[in-house]
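Worksheet: one structure, shown below.
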Amino acid sequence: MQDQLKAVVDEYLPLRDVVFQTLRQAILKGELEPGERLMEIQLAERLGVSRTPIREAIRKLELEGLVIMIPRKGAEVASITEKNVRDVLEVRKALEELAVTLACQRMNKEQFEQFDVHNHIFEEALKSGDLTEIARQDIDFHEIIYLATGNERLQQMLNNLREQMYRYRLEYIKDEQQRSKLVQEHQEIAEAIQTRNIERAKSAIRLHIDNQEIMVSQKVKKE
């Protein structure tokens, strides 16, 4: 377990939720690595809590597929597998296609302009080489689309999926060659939506997600 594991402080959350969010973010960001054992006593000491909220958090993480229980060994961080990548991205692709369809129909002028502003911010993030910031700006790009749909239920589903996507998103942007592709793909998606071309937008978002699936799956195979 790496030294940067820190509790997610939120005075409005119960302790069990703070512990859950702390461990969840550590896994999604790679601070707790695939295959790493989750020792209740060590985690409790590290976060300054009892073993009870640690145990509860591990159970919830198992339900999300981020942790697996190994007989006679205990809990460990789930590995990224080809099937996991495929399962998540298949769902994401369907929801994103719906999102761009609705965005083409409903996005207003002010929201169109957000794409242009974001493209500049995203390019600056790429220059910095900060993976966390690049991932954040990639998320923000898609958030522009989600909000433009005006569909709160769809936004909720996509936001829940976004957390599961974070691991794969980071793996994708670790490759510098993929980062330049992201700029081009974002521009294509934005232009399609700005011209209200639904078929072009759906095609662009499919390519965007397919490229991510191919690259991450190849990396998983090598490992």
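Being at pLDDT 90 or above, within 27 Å of residue 165 (Cβ to Cβ) and of a type in the set (Gly, Ala, Ser) is the filter here; which residues of region 48-73 pass it?
Across region 48-73, the qualifying residue is only 57.
Name the residues in region 93-110 that are modelled with pLDDT of 95 or more and acidic (Asp, Glu), would you?
96, 97, listed by residue number.
May I ask you to say which residue of 20, 115 is at pLDDT 90 or above and within 30 Å of residue 193 (Cα to Cα)?
115
Only one residue in 45, 90 is within 20 Å of the chain's Cα centre (by Cα), at pLDDT 90 or above, part of a helix (DSSP H, G or I) and not aromatic (Phe, Trp, Tyr), so which one is that?
That would be 90, the only listed residue that is within 20 Å of the chain's Cα centre (by Cα), at pLDDT 90 or above, part of a helix (DSSP H, G or I) and not aromatic (Phe, Trp, Tyr).
Quick check, is residue 212 surrounded by fewer than 20 Cβ atoms within 10 Å (Cβ to Cβ), among the polar types (S, T, N, Q) and within 20 Å of residue 133 (Cβ to Cβ)?
no
Can you report the number of residues in region 165-201 which are surrounded by fewer than 19 Cβ atoms within 10 Å (Cβ to Cβ), at pLDDT 90 or above and not β-branched (Val, Ile, Thr)?
Summing the residues that are surrounded by fewer than 19 Cβ atoms within 10 Å (Cβ to Cβ), at pLDDT 90 or above and not β-branched (Val, Ile, Thr) in region 165-201 gives 9.
Which ones in region 90-142 are free of Cβ contacts under 8 Å to residues at least 40 places away in the same chain, under 20 Å from residue 206 (Cβ atoms) and open to solvent by 30 Å² or more (accessible area, probe 1.4 Å)?
If the condition is that a residue be free of Cβ contacts under 8 Å to residues at least 40 places away in the same chain, under 20 Å from residue 206 (Cβ atoms) and open to solvent by 30 Å² or more (accessible area, probe 1.4 Å), then 90, 94 are the ones that fit.
Checking the condition among the basic types (Lys, Arg) and touching a Cys at 6+ places or on another chain (Cβ under 9 Å), which residue from 169, 196 passes?
None of the others qualify; the one that does is 196.
So, in region 52-87, of the ones that are within 23 Å of residue 156 (Cβ to Cβ) and part of a loop (DSSP other than H, G, I, E, B), which residue ends up least open to solvent (accessible area, probe 1.4 Å)?
Out of the qualifying residues, it is 66.
The values are calculated or read from the model by the stated rules, or taken from the named source; none is laboratory data. These figures come from a predicted structure and were not determined experimentally. So basically every Cβ, Gly included, is an ideal-geometry build from the backbone, and we count neighbours across all protein chains shown. Accessible surface areas use protein heavy atoms only, side chains included; no ligands, DNA or RNA. Shrake-Rupley method; radii C 1.70, N 1.55, O 1.52, S 1.80 Å.
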